[in-house]
Amino acid sequence: MANIPEKQLTAVVTLIPGLKSPTVMSLAEKGMVAVHAVVDEDHINALVPQLKKAGATGILVLRSRGWFRDPGHELTPEIRAKYVSRRGALSGVVGTVVDQILADFRKIRRHDPRADEEVRQVDLANFAVSAEEVAAAEERLPQNVQVAIRTMYDSVVRFHKQDLVKSFEIQPIKGVSLGKQIVPFDRAGLYVPGGLAVYPSSVIMAAAPAVVAA
């Protein structure tokens, strides 16, 4: 990334052609452009003096830790399956239950009224984490991790309290009231990715706003 005189653009593009071509953007200063390009790290030390000679200023080098490539082009089917499938981290029981849920919803897609009724009869309380489970998990968690989680939670709660949308009512003219009533849901289900790793931040970012809204 560098700023160069526009008249030197052709010479600079020759030095840093990028993967296909560099990105060129006009600057506020007339006659100057910003050039962004990807170059081989091994060539950077040699390129910088050449760019300066061509009139480049404000040269910024950002080193990449790696490239993102479409795994379908470079990985074997076996390796690709290992990374895109999370079933290896799940117990057989979980997999069986999930398969059954998916089968039920496929029935719904075929407009099966019996499947509709089955879904309506699902007891949502079964999805709630009990106080006993929370207490047991807390006992297993190191004290420093608990402090970090509570600190994060408190910060997110404070933020969303400032962002809370509140009900209001106005009377623009006598006898006429206008307003908005904000009513939170009684219950909210949160999706938190898991399996190969744990994401307490995902729980907090989803749960804290719900707690504030209630």
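List of remarks:
- The number of residues in segment 14-58 that are of a type outside the set (D, E, K, R) and not in a loop (DSSP other than H, G, I, E, B) comes to 21.
- Total residues in segment 130-158 satisfying the condition of being touching a residue at least 40 places away in the same chain (Cβ under 8 Å) and of a type in the set (A, V, I, L, M, F, W, C): the figure is 4.
Values in this text are rule-based calculations from the coordinates and carry no lab data. Small disclaimer: the values here were computed from a predicted structure and weren't measured. Cβ: placed from backbone, ideal geometry, glycine included. Neighbour counts: every protein chain shown.
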